[in-house]
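The values are calculated or read from the model by the stated rules, or taken from the named source; none is laboratory data. Small disclaimer: the values here were computed from a predicted structure and weren't measured. All Cβ positions, glycine included, derive from the backbone under ideal geometry; neighbour counts span all protein chains shown. To get the accessible areas, we keep the full protein, side chains included, count just its heavy atoms, and leave off ligands, DNA and RNA. Shrake-Rupley method; radii C 1.70, N 1.55, O 1.52, S 1.80 Å.
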Amino acid sequence: MASPSPPSRQAAITSVGHYLPETRLTNGDLESMVETSDEWIRTRTGIQERRILGDDGKATAFMATEAAQEALDKRGIGPDAVDLIVVATVTPDMLFPATACLVQDSLGASNAWGFDLSAACSGFIYALTTGAQFIETGQAETVLVIGADKMSSIVDYTDRTTCVLFGDAAGAVVLEADEEAGLHDAVHHADGEHSDLLRMQGGGSLHPSTHATVDAHMHYLEQEGPKVFKLAVTRMADVCREVLDRTGLDGDDVDYLVPHQANQRIIDATAKQLSLSADQVMVNIDRYGNTTAATIPLCLYDWEDELERGDDLIVTAFGGGLTWGAGHLTWAYG
Ligand code: UT7
């Protein structure tokens, strides 16, 4: 990828919204569902509880809409102002139409077009970069970038190696033009050679849903955890370093690292390799688990009151695909 040349219009985050289901699934609850323990989950992952949306007819588009509505309300702009909606998700309400179209309808964003983006846990940063292009080129004035996943719909609650990890949530940001603040640089990677390490095989065109695919549990997420762990630790740190080198920043210049929340140990290892202290790193995995595309905007939401205009943030993620990346942005408000 070419070195960054700052555009005259930066795409800045001007508001953040979120949605968390009320129902909490604690480590104690999981102890009664599979052979696990609160101690194992806390020490191996850092997770204490996660949120679950439940089965009452609500799904990813509902959570995405709630998060987007909150972001628009906080910014004081109506849905008619939205030009583009990008929804990062691996749990769309259905294969098509796109979740973005369902969100567009429920928001009443009658002037917006939109699409879904599938990059698993890297979905939000892929979508942020994508949405930013439309602001930078002047194609759009207001973009909604949403990360939303109802992971409970694809998690096998008899598989202790995955069911303790994931939760449901949505986060949304509004992107608008700013002359100084915003997304300055981003680097993304993909490596399909390892696509088998983290995937859901059933329900696509290769394995359309049948009784046989359901019997084989192919409608559930599968993961080779330790292999993904090792790759996540090195690749997230490497891509952050790549971005820091390109932007000329060093660790001391970073106000916050905003990492995807898959495992506290991965976050700690990444921070250590970048020589960042704990107070430079946003972490809320203890409360929400891994919410896939929602983790990064949920962090921004939780830290919003601490952030000030001009703060330097590094966002980074790693996930199924494999996909990974990092971006440097300066905060636009506060
Ligand atoms: O977000 C997208 C990318 N995903 C990730 O980044 C996830 C990366 N992977 C991980 O975070 C970790 O690999 C896991 C949290 C999934 C697993 O942690 P680990 O330290 O790698 O454990 P392990 O898979 O090596 O398993 C260690 C032991 C095994 O038992 P034995 O063979 O040593 O007897 C597992 O069977 O822990 C056992 N185990 C459990 N025990 C209690 C696995 N899951 C559980 C569990 N409760 N839930």
#### Entry: the chain, helix-only ellipticity at 222 nm - DSSP H runs n ≥ 4, -39,500 (n - 2.57), divided by all residues, nearest 500
-9500 deg cm²/dmol
#### Entry: Per-residue HN-Hα couplings for the range 324-333 [Karplus 6.51, -1.76, 1.60; θ = phi - 60°; Hz; x = Gly/Pro]
6, x, 7, x, 10, 9, 9, 6, 9, 8
### Message
I want to make sure I understand the PRE zone here: with the label point 7 angstrom from the Cα of Ser8 toward its beta carbon, which residues in the range 130-147 have backbone N atoms less than 12 Å away?
### Response
137-138
### Message
Please list, short to long, the whole-number percent of alpha-carbon pairs of the range 10-180 in consecutive 5 angstrom bins beginning at zero.
### Response
1, 9, 17, 20, 17, 12, 9, 7, 4, 2, 0
### Query
Which lysines does Lys272 reach when only Cα atoms under 24 Å apart count, and residues fewer than 8 places away in its own chain are ignored?
Lys227, Lys230
### Message
Connecting C-alpha atoms closer than 10 Å in a GNM of the chain, tell me which of Met151, Met94, Met282 has the biggest fluctuation.
### Response
Met94
### Message
If the only charges are +1 at each Lys and Arg Cβ and -1 at each Asp and Glu Cβ, what is the size of the charge dipole of the range 184-330 around the Cα centre, to the nearest 20 debye?
### Response
660
### Summary
Most fluctuating of His217, His207, His188 in the GNM of the chain (C-alpha, under 10 Å) is His207
### Query
Mean separation of Cα pairs under 8 Å and 6+ residues apart, divided by the residue count of the chain: what relative contact order is that in percent?
25
### Query
Going by average Cβ neighbours within 10 Å, how do the peptides 189-202, 257-270 rank, with the highest at the top?
257-270, 189-202
### Query
Using modelled amide H (1.01 Å from N, peptide plane; none on Pro or chain starts), what sits under 5 Å from the amide H of Thr23, excluding residues fewer than 5 places away?
Ile52
### Query
With the contact rule set at Cα under 8 Å and sequence spacing of 6 or more, what percent relative contact order holds for the range 49-103?
45
### Query
Most mobile of Leu84, Leu128, Leu231 per a Gaussian network model of the chain (Cα springs, under 10 Å)?
Leu231
#### Entry: Interchain or long-range residues, amide H under 5 Å from Gly321's placed H
Leu198
#### Entry: Phi-based couplings in Hz for the range 44-59 (Karplus 6.51, -1.76, 1.60; Gly and Pro marked x)
8, 10, x, 8, 10, 7, 9, 9, 10, 6, x, 10, 9, x, 9, 9
### Task
Mind listing the long-range amide H neighbours of Arg309? Cut-off is under 5 Å, sequence gap 5 or more, other chains count too, H placed in the peptide plane at 1.01 Å from N.
Tyr333, Gly334
## Note on the structure
Expected unfolding gain across Thr234-Val34 under the 0.36 nm per residue rule, minus the alpha-carbon gap, is 68.9 nm
### Query
Roughly speaking, to the nearest percent, how much of the range 1-75's 1.4 Å accessible area is carbon and sulfur?
44
### Task
Just the Kirkwood number for the chain, please: inverse of mean 1/r across all distinct Cα pairs, in Å, one decimal.
19.7
### Task
Have a look at the DSSP beta bridges in the chain and tell me what percent are antiparallel, nearest 5.
70
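Roughly how many Å² is the accessible area per residue of the range 184-330, as a whole number, for a 1.4 Å probe?
Value returned for the range 184-330: 43 Å² of accessible area per residue.
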